[in-house]
Amino acid sequence: MNKKATSVPAILALLAALQPQPGRAAAATTTAQPAPADFQLAPKMGQNDVQQWFDRHECDSWARQQTGYDASGEQESAAQAAAGKEYVRAMTACLIQRDYEVRYAPEPPPPSPPPYVPPRAEPSVRELRARVLSADLGGGYSLPTGSSADYVHGGAHAGAALDWFPSAALPVGLRLAGNYIWLKPGGQLFALNGVGYNRGEQNLYGGDVDLRLNLARFPTRQQLYLVAGLGWYRIDTTLQKVAGVRQCGVNYCAIFQTLLAQEHDTSPVESAWNAGLGWEIALDSHTAFFLEAGYRHIRREGGSLQLVPISLGLRF
């Protein structure tokens, strides 16, 4: 190095002073450091190409010695970036000392970020999905059939069930259902024992253990299925004979109901079997509407109770 290089530390100090300081407004915008070799020389004293090459080579060797910069890139990325930054400052100071104007190519501006597009909510998928466990809530109307129609009239029913499918690959599952049925006595039931009952009710409560077989889906939203199984029920019957008694006063007359006779009976647990066909349609990805029609046969002493339940409800 010649004697001009002795004032390089002073130039380095000047370059450091010109760097943006943290906390100032200028520090809000940062630019990447230029690449160590990405600059052009403009000689101020008419140096020829040979002299330029010589000065550049000497400044490069001196800057590497001062900063430890390794152009091979074998250093770790963080250390390489720090050494490259110091190398650029040392190289620039050395060339300015040797009467060169150093010009670095400006960094291209960073690409502007794409405009923000808020995410769109996924539409609810209206299709039936295979689930291991689902719950049913529903109700409907039970119609007596056969000889049972002579003893009882139809009435409402309500129930809840759990459907369990151990494998999504198999269309067969198990259903546990609980039901409550409200019926009205008919003529033959009122005529029992020759008492002449004229009011009453018959309530059934119990449950079923069914197998459910899913049939092929025609669209993805709808499905037919078969249900069949065994059940156990108790039948609670109340029969009353009520007569109206008319009472009149000076300015009024009223009819009062008088209970003349009453009979109440609760059967033991009676076995039953049932079978039916169901249809369900998806309302969204978690809920389906179902409609079922079937046949329920309840054995009892001296006969049987035969019903056709029609149910509708929701499956979750």
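Numbers for the structure displayed
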quantity: Using a Förster distance of 35 Å, the FRET efficiency for ASP150-LEU224 (Cβ separation, nearest 0.05); calculated: 0.55
quantity: Debye log10 I(q)/I(0) for the range 187-255, one point scatterer per Cα, at q = 0.22, 0.24, 0.25, 0.28 Å⁻¹; calculated: -0.96, -1.02, -1.05, -1.14
quantity: Inter-label distance, nm, simple model (7 Å from Cα along the C-beta direction), GLN188/MET45; calculated: 13.0 nm
quantity: Rounded accessible area per residue of the range 202-269, 1.4 Å, Å²; calculated: 60 Å²
quantity: Accessible area (Å², per residue) of the range 123-181, counting only protein heavy atoms and a probe of 1.4 Å; calculated: 54 Å²
quantity: Accessible-area composition of the range 202-316, carbon plus sulfur, in percent [1.4 Å probe]; calculated: 61 percent
quantity: Mean projected area (nm²) of the alpha-carbon convex hull when the range 245-316 is viewed from all directions; calculated: 10.7 nm²
quantity: Normalised per residue, the volume of the convex hull around the Cα set of the range 163-282 (Å³); calculated: 167 Å³
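The values are calculated or read from the model by the stated rules, or taken from the named source; none is laboratory data. Keep in mind that this is a model prediction, so the values were computed, not measured. Heads up, the Cβs are rebuilt from the backbone with ideal geometry, glycines too, and the neighbour counts pull from every protein chain shown. Areas reflect the complete protein model, heavy atoms only, side chains present, ligands, DNA and RNA absent. Shrake-Rupley method; radii C 1.70, N 1.55, O 1.52, S 1.80 Å.
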